[in-house]
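Presented below is the structure to which this report refers.
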Amino acid sequence: MVLERIYRLLSSLKGGTMIPTEVVLSPESYAEIIAELSETHQSDSITESRVALHLALDVTVRERNTDNLIVKELVPNPCPVCHRQLTFLREAIARFEDDSRSLIRCQMGHRYRGQLRVFQISIREGVRETEKSVRICPECGSESIQYLGPSEMLCLDCDWDSGLEVRFQPRAR
Ligand SMILES: [Zn+2]
Ligand SMILES: [Zn+2]
């Protein structure tokens, strides 16, 4: 159930500062999603754009044996001037990508130098309860640890993460 794994991952990111923007699928997984959607929608005309619409994400199919969710995050967040969390993150990220000055603009109008971090999170393997080695955030002591992969996790209450690696940089302009 590829779709279900994607949904689970998406809901785990909800309310956080990381925004899922794209899903990159192997042809096999893509075929599986089409089959799953056709079953529930009684339609034989499920297209790539229908899938994208359904997930509210861009969908890319690649001849590679990987399934990844592309997630983006603007840092720092909150704004260092007014300490407010950035709002409308999806729009803020799009604005940042279009702006060559690497400036983030908060809703109060402050502009500050920032960075866009891009992550690829595998949607393949879920993490079994027994594999969760970290249960308490080493930074703030919260128990709200969200696992994104077997050894990839972040704290939902503070900025801590397990050194989530930036796997690729957006192309330079
Ligand atoms: Zn501000
Ligand atoms: Zn924490």
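Where a number appears in this text, it was derived from the coordinates with a stated rule and is not lab data. What you see is a predicted model; the values in this text were computed from it and never measured. Please note: Cβ atoms are built from the backbone with ideal geometry, for glycine as well, and neighbour counts cover all protein chains shown.
Principal-axis analysis of the Cα atoms of the chain puts helix 27-41 at an angle of about 80° to the longest axis.
Taking the number of Cβ atoms within 10 Å of each Cβ as an exposure proxy, the fewest-first ranking of Cys140, Cys106 is Cys140, Cys106. For the chain, the longest principal axis of the Cα atoms and the long axis of helix 89-98 meet at an angle of about 80 degrees. By the Cβ distance rule of under 4.7 Å, the chain has these cysteines without a partner: Cys82.
Kirkwood radius and radius of gyration were both taken over the C-alpha atoms of the chain, and their ratio Rg/Rh is 0.99. Summing Lys, Arg as +1 and Asp, Glu as -1, what charge do residues with Cβ under 15 Å from the Cβ of Pro76 carry, Pro76 excluded? Charge balance near Pro76 sits at +3. The ranking of Lys132, Lys14 from fewest to most other beta carbons within 10 Å of each one's beta carbon is Lys14, Lys132. Our summary gives the chain a relative contact order of 19 percent, counting only alpha carbon pairs under 8 angstrom and 6 or more residues apart. The label point for Asp159 and the one for Ser12, both projected 7 Å from the Cα toward the Cβ, are 2.3 nm apart.
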